[in-house]
Structures are given as structure tokens and as C-alpha cells.
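The values are calculated or read from the model by the stated rules, or taken from the named source; none is laboratory data. Fair warning: this is a prediction, and the values are worked out from it, not measured in the lab. As a convention, Cβ positions derive from the backbone with ideal geometry for all residues, glycine included, and neighbour counts pool all protein chains shown. Heavy atoms of the whole protein, side chains included, go into the accessibility calculation; ligands, DNA and RNA do not. Shrake-Rupley method; radii C 1.70, N 1.55, O 1.52, S 1.80 Å.
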Amino acid sequence: MQKPRPLADISVPQPRPDELYETTVLDRRFRFKGLKALLGAADVDKAGDRIAGLAAPDEVTREAARQVLSGLTLQHLYDRPLTDDKGRVDSVMRVNYDIDRVAFESIASMTLGGLKDHLLRSAPPEVRRIGGALTGVMAAALVKLMDVHELVLVARKAKRSAKARTLLGLPGTLSSRLQPNHPGDNLDGVTMLIYAGLSMGSGDQLIGVNPAIDTVENVGGLLRHLDKLRRATGAPTQICVLSHVKTQLACLERGDPVEILFQSLAGTDRTLTEEFDVTVDLLDRACETMAERGPLRDVAETWMYFETGQGSELTYGKHNGMDMAVCEALCYGLARRYDPFMVNNVTGFIGPETHLDNVEMIVSNLQDHCMAKLMGLPMGMAPCYTLHSKITLEGQQMATQLLTAAGCNYYMDVHLHTDRMLAYFDTSGHDDQTLREVHGLKPAPEFLGWAVERGIFVQDEDGTVARGPNWGNPRLFCSSDVEFQRLLESVPAAYGFDSAGPRPADRVSRTLRANLAVGREAIYADLEIDAAGGIPFRRFRTAATDREAHLNDPELGTRLADEFRTHLAPEGCDVQIVVSDGLSAEAIHHNVPVLLPILLDGLRSRECKVGQPIVAPFGRVKLAEAVGDALQAKLTLVLIGERPGGDALASRSMSAYFAYRLDDPQVRAAAAQFSGNPEVRYEYSVISNIYAGGLPPVEAGSVVAEKIFDILAHKAAGNRLESLLARTVGGKA
């Protein structure tokens, strides 16, 4: 791959003042002030854009916006870069202008409507040529004019491939990223889930684990374990641990097998730097480091892996007035800079504040897939959902059928749909194989050959592939029944391996669906807690007045109600504890009464000054900043219920978020230098999956206390803390 072009060398037109766009539909006149407003109004109706005030109020207004948009030329969009809230072109927008200038000149005078017609008429080589000429804003504007059939057809013409150990994205193939997440990073549990996935022909794209604990020591251990399993099974694939890019680079530095380098992306600088702790310069350095030192540098053509999904910028309130599809397309322009091995889209992951129901999720996934493929990315999709949205398994399955028709490169394999660590619901190995059989597709050729040798698949002389005698049998990879049973006991929500063709057997499905129903019910439980550890709580309210407001507008849960905010005075404590139901009151009921007394005893043993604990129903994590600013606490600890997972036990999962307030000018300067964000005010650490099936609350109390001591001692949290701990004599991160 070529070295990324320096940002200073990418030419961007001077921004212009907002213009008035007008049109008439029958006898009604419509006006849209500025390109951002026009783009927002032209999109399908989505929860996130409604919250942002960008969605059209009705269908006629939406069609009026589309009518205007279809008549604008690509040159018109090129000449009007969208700016941040201070009127500046940020680095993500600038990267999007690194396009094929020759190709752009050939289409600059086309209207968007004309371009859509041209793409629908054109053969795949012409579609791919034009895609290289488009900025993210152009791609987003284009898909707002497309119906479902058009989104499928254009994306199918733009299918892209990429190569590491396996060649992915070939015509006639459908691959999968095996995701063996475990709430406690238990290596036996990870192993069992990998064996289950491999036995269903999953994992040719990647075996990738999201770590519960993002430290160099833990991530390095997971990487070494994945590498050991890959070698032992002989599976031709590649491995990745989806931690922060800084953690992975530290692992690479010490010799751990960082084969594919991962990072989540955002479509605005503010989200990228302030929330994801990443800059374009850091990504440039990371890509160059992998080219120089990555284990697959002599094998793979590319080695970067990015994850995106509509809504993160809006959720953080840092979308710069742009709608979700535009922000998402800007992510693709940033990803394109690094010629990635794979990009995965997880639209639906956030919740009802971005995508409320099946239709919103399905259409957004089709838009994302089309935009990304058109812009030149080897795109995988993860149409997914959480239990606090109105998205269902049936909606997810509809999305995968349409996306497979559109030429999606790969899906996730999350065993029985249930991510045991991230508490959301994704595609499974059963889904991947079902889609292969429905659409006549195969795994990547190298992986298929390996799977045929092991009886997972059989292949006729004419090339027809079918499930073999060992399909769906993870016992295949175990040396004994004793080993198999030991591994199986470490996996939460393992309802059995019986299958009916490529689908789970009915008994397995019924157990799964019953647990999903229990999990959804937990979201609507009321928070009932008055005291813990003998200490009564102060009771605060957030700006969310009821549960529906809390679920559908996350910003409300980050603010205190006015009557509390205006009457709080600085207390100057070392630690302020805030307890909130978040998305599961049951998590608080089952964990806080056990955890909090242990935590308070630990803090008192080090003479930490602790404020009287606060309970605040309908809260979100960033409530820590409102409380921390008001009470002037050094560190605000938020104990909050996470979204329920796939079984009744996982609906009790809680997390501890540590928000360290950067009130010391020297400390804040160090944090700003480390993060690349000069406006940084808080640093965050997190301990997740606190419940009986993950980190038990009786152990979590002391673990949380030790994390607090580390943060206060080093005056740092998050990635900066882990970096400092790694340098401590005798310490490891």
C-alpha cells in the first residue's frame, strides 16, 4: 500500500456561507437553509436525525429535499466542504478530499440524479472508477436518492476484495469474522467459541476478540492464545484483538502477534479525538508501523481493520450539524486513506437513540454498505440490535438477506447471536451458513480447502459445496470428552450444538428466544435502592423525566435536573460515587449491595475522602462530568446497569466507569499531549461485565478500589494510565 498523503497536501475549497435551497412540490414551496439541512431532510426518517432536528417532518418535505438534491452537481458539493461547529474544515473532512482527480473531472458536471442513473446503467469497472472520485458527502447524498433495489444493485457492482492469509471478497464467496467474546476474557470460553465457529465454517475473514479488559498484558495474552489456536487447528486465517490502537501498538512493540490492526472510526474530528482518543496522525503512524513491523507485512497486501456504524457522532453530540449517513460516509473516506484489509459496519449497535426499529436499521445498513463499497472498501456488515430498541431478530435476518444479495463480503459469527461481553445481538455461524446455502456461496478458497480436509464441508467434482459430517461439531478440535466438557462449562448462554440443517435445532432456538424476552423485560424494571454498606444515598434526578425519554435521547441522562444542578456546591472529595440504573435496574439490585461495602472499606483503608454516594435514575455514563464539575471531585465513579445480554443472568451486568477530572493544569497539558485533544477535560477508564457470570461483585469491589488508587496515584485514566503503568518499575499494563 502507498504511504498516506500528508494532510497539508490535500487541497480543499474554501468553505462558503450557508445558501438557501428552494423548490416547489405542486403548490407548496419548500426552503432549506444550508447543505447540512438539505442532506438531513433528504434521508429516510431515523431516530438519531430526529433527535438532532435534521429529519424532515413529513414525506412531502423529504421528497422536496430529494428533488433539490438530485439537481445539484457533484462540483456543487465539492465546492462546499462541510465544516465543524467553529466553521473549520476538520481533518476527517480534509482526508475525504483525497480523491481520484482525473475521474472526478469526468463526472464533476453531472447532477446527483444523473450520476445515479449512470451507475445503474454502468458495468462494474465503471462503477468502481467513479467511486474513487467521490467524497463521503457525495456518496451520502447519492444514497439518499436510492431505493432498496438501487442500493442493492449498485453495491453489488462495486464488490471489492482484499488479501491477508486468505483472499476475501471474491465473486461467489461469503466469509465471516469469528467473534468469540467472553465477559471475563476466559481463555477456555474463548477457545470453545472458536472451536464452535470453525466447526461451522466460520472465521475465514478473521478470528477477532473484543477484550473485556483493555490492557497490554491482557490483550497480549489474548493475542498469543489466538495465535496458538490458529496454529494448532491449522485454520488459514488471521487474528486480531479489538482493543484500542495504542494498546495494540504497545503489544506489537513487545513482540505479540498483532497481525491485523484494529480501530473504531468516527466521521468528525471531535468524536475521533475526544471520544475515541485517536487522531489522523496517529492512524498514519500506526499504518506505517504495521508496514514496517507487522507479522503479516510479507504475506498480506494490507493489514488495517476499521469498525464504523451510523450514530456515534450524534450520540456524543459531536456531529457538527451533519446527519448520521453523512458522518458515516466520512468514516469511509477516512478508512479509504489506509487501503484497509476489512471494514465492519455495526449500525444498530448503539440503540433506539439512533435506530428505533427494523426499517430504520435495515435501510441504514443498505445505505452504509452501498456507500462503502462505492468508495472502494472491502466491506463486511453486522446488522445488529440491542434489547432496548424495537429492532428484532426477524429484522436483522431481513437485513442480511438483502445485504447478501448486494454482495456483502462477510458477516460476524457471534455464537447463537449473543455477544456475551458486549451485550448485543449479531449474526451467527448458523446465519452465515444459511445465507451461503440460500445464495449459492462458499467460504474463501484457502479456508474451504482446509475445511473440506476436516469434513466440515464436502465438495463435489463440479465444485458444489455442502455441509460435511463434522459441520457444527466443535468436539472435532478437542483431544477428549473431558476437555470438551471443561471448555463448554466456561461459556455463558451455551444452549447446545444441535442443528436442523444449517439452522439451530428448535429446542435451542426456543431457549434462546425465551432468554431474549427475559432480557428485554429487565430494561423496564424500576430502580429501587436506598442504602448500601450502611450509608444512605443522596437521590438526584437527571433531565430524563421518564423511561421513554431516557431510552430515546441519551443526552438527557448526562445532565442533572435544574433543581439539583443549581443547588450543588463544591465538596472537594477524592471520590464521588454515582449509582444509576442505566439500561438495567436489575444489574444495580444484584451487584451494588455486595460491591459497594467492599469498595467503601477499601477506600477508607487508604484514607480516601469519599462523598456521600448518589443514586440517579435514568442516568448515562457522562453524568459523571455533570456531577464531577458540580462537586469538584477528583474522580467520579459511575456504577451503571449495562444493556441486557442474551440470558437472564446477563441482564444483571453492571459496569464501573471512572471519570478523572483534569483540574491540574500540568496534568491536563500531559493529557492533551497524549490524546492530541487540547480541550480534554476528563479521562475515562472502565471495568465492565460485573455480575455473577463475569466479574463477581464480591471480587469487583476490590478490583474497582485498586483501579481508583492507580488513577489517583498517577493522576491519569484510560490509555494514558495504562501507558504510565507499563513504565512503572516492576509493573505491567
Looking at ALA500, ALA493 in this structure, which one is open to solvent by 40 Å² or more (accessible area, probe 1.4 Å) and either modelled with pLDDT of 95 or more or touching a Lys or Arg at 6+ places or on another chain (Cβ under 8 Å) (or both)?
ALA500
Please verify whether segment 398-408 includes one or more residues that are open to solvent by less than 50 Å² (accessible area, probe 1.4 Å), among the aliphatic types (A, V, I, L, M), at pLDDT 95 or above and under 21 Å from the mean Cα position of the chain (by Cα).
yes
Of all residues in segment 202-220 being open to solvent by 10 Å² or more (accessible area, probe 1.4 Å) and charged (D, E, K, R), which is farthest from ARG230 (Cα to Cα)?
ASP214
Filter segment 599-626 for residues that are touching a Phe, Trp or Tyr at 6+ places or on another chain (Cβ under 8 Å) and β-branched (Val, Ile, Thr); which is farthest from ALA532 (Cα to Cα)?
VAL621
Restricting the search to segment 13-54, which residues are in a strand (DSSP E or B) and of a type outside the set (Val, Ile, Thr)?
LEU20, TYR21, GLU22, ARG28, ARG29, PHE30, ARG31, PHE32, LYS33
Working carefully through the options GLU521, GLU563, find the one that is of a type in the set (Asp, Glu) and either within 29 Å of LEU595 (Cα to Cα) or touching a strand residue (DSSP E or B) at 6+ places or on another chain (Cβ under 7 Å) (or both).
GLU521
Given the conditions (1) surrounded by 24 or more Cβ atoms within 10 Å (Cβ to Cβ); (2) modelled with pLDDT under 95; (3) under 25 Å from VAL127 (Cα atoms), and given that THR302 satisfies all but one, which numbered condition is not satisfied?
(1)
Of all residues in segment 64-101, which are of a type in the set (Ser, Thr, Tyr) and in a helix (DSSP H, G or I)?
SER70, TYR78, SER91
Just wondering, is there one or more residues in segment 15-28 that are over 30 Å from GLY351 (Cβ atoms), open to solvent by 60 Å² or more (accessible area, probe 1.4 Å) and in contact with an Asp or Glu (Cβ under 9 Å, 6 or more places away or on another chain)?
yes
Please name all residue pairs, on different chains or six or more residues apart, with Cβ atoms under 9 Å, provided the first residue is in segment 584-595 and is under 20 Å from LEU551 (Cα atoms) and the second residue is of a type in the set (Ser, Thr, Tyr) and surrounded by fewer than 24 Cβ atoms within 10 Å (Cβ to Cβ).
ALA585/TYR524; ALA587/SER655
Exactly one of these conditions fails for PRO678: (1) surrounded by fewer than 24 Cβ atoms within 10 Å (Cβ to Cβ); (2) at pLDDT 95 or above; (3) more than 23 Å from ALA531 (Cα to Cα). Give me its number.
(2)
Matching option when the condition is part of a strand (DSSP E or B) and farther than 25 Å from GLY189 by Cα, among VAL458, VAL438, VAL452
VAL458
Mind counting the residues in segment 617-658 that are assigned to a strand (DSSP E or B), open to solvent by less than 40 Å² (accessible area, probe 1.4 Å) and not polar (S, T, N, Q)?
9
Return the pair list, or none, for Cβ contacts closer than 8 Å from residues in segment 603-615 that are surrounded by 12 or more Cβ atoms within 10 Å (Cβ to Cβ) to residues that are of a type in the set (Phe, Trp, Tyr) and at pLDDT below 95, at least 6 apart or on different chains.
GLN612/PHE537; PRO613/PHE537; ILE614/PHE537; ILE614/PHE540; VAL615/PHE537; VAL615/PHE540
Among the candidates PRO17, PRO81, single out the residue that is touching a Pro at 6+ places or on another chain (Cβ under 8 Å) and modelled with pLDDT of 95 or more.
PRO81
Can you list residue pairs whose Cβ atoms sit under 9 Å apart, with the first residue in segment 507-526 being touching a residue at least 24 places away in the same chain (Cβ under 8 Å) and the second being acidic (Asp, Glu) and part of a loop (DSSP other than H, G, I, E, B)? Count only pairs 6 or more apart in sequence or on different chains.
VAL508/ASP498; LEU512/ASP647; ASN515/ASP647; LEU516/ASP647; VAL518/ASP647; GLY519/ASP647; ALA525/ASP581; ASP526/ASP581
Select from segment 409-435 the residues that are charged (D, E, K, R) and assigned to a loop (DSSP other than H, G, I, E, B) and write down the one among them that is most open to solvent (accessible area, probe 1.4 Å).
ARG420
Answer with yes or no whether GLY221 is in contact with a Phe, Trp or Tyr (Cβ under 7 Å, 6 or more places away or on another chain), over 24 Å from ALA382 (Cβ atoms) and of a type in the set (Gly, Ala, Ser).
no
Go through (1) modelled with pLDDT of 90 or more; (2) farther than 21 Å from ARG604 by Cβ one by one and return the number of the condition ALA650 breaks.
(1)
Quick count over segment 488-506, residues being of a type in the set (Gly, Ala, Ser), in contact (Cβ under 8 Å) with a residue 12 or more places away in the chain and not in a loop (DSSP other than H, G, I, E, B), is 1
What number of residues within segment 438-469 satisfy the criterion of being out of contact with any Pro (no Cβ under 9 Å at 6 or more places or on another chain), among the charged types (D, E, K, R) and under 21 Å from CYS408 (Cα atoms)?
1
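Here's the yes/no breakdown for (1) crowded, with 20+ Cβ neighbours inside 10 Å; (2) hydroxyl-bearing (Ser, Thr, Tyr); (3) over 26 Å from ASP9 (Cβ atoms):
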site: LYS86; (1), (2), (3): no, no, no
site: ASN96; (1), (2), (3): yes, no, no
site: ARG101; (1), (2), (3): no, no, no
site: LEU112; (1), (2), (3): yes, no, yes
site: LEU115; (1), (2), (3): yes, no, yes
site: LEU120; (1), (2), (3): no, no, yes
site: GLU126; (1), (2), (3): no, no, yes
site: GLY132; (1), (2), (3): no, no, no
site: ALA140; (1), (2), (3): yes, no, no
Among the numbered criteria (1) buried (at least 18 other Cβ atoms within 10 Å of the Cβ); (2) free of Cβ contacts under 8 Å to residues at least 60 places away in the same chain, which one does VAL280 miss?
(2)
Count, please, the residues in segment 152-188 that happen to be part of a loop (DSSP other than H, G, I, E, B), more than 16 Å from SER243 (Cα to Cα) and either among the hydroxyl-bearing types (Ser, Thr, Tyr) or in contact with a helix residue (DSSP H, G or I) (Cβ under 8 Å, 6 or more places away or on another chain) (or both).
8
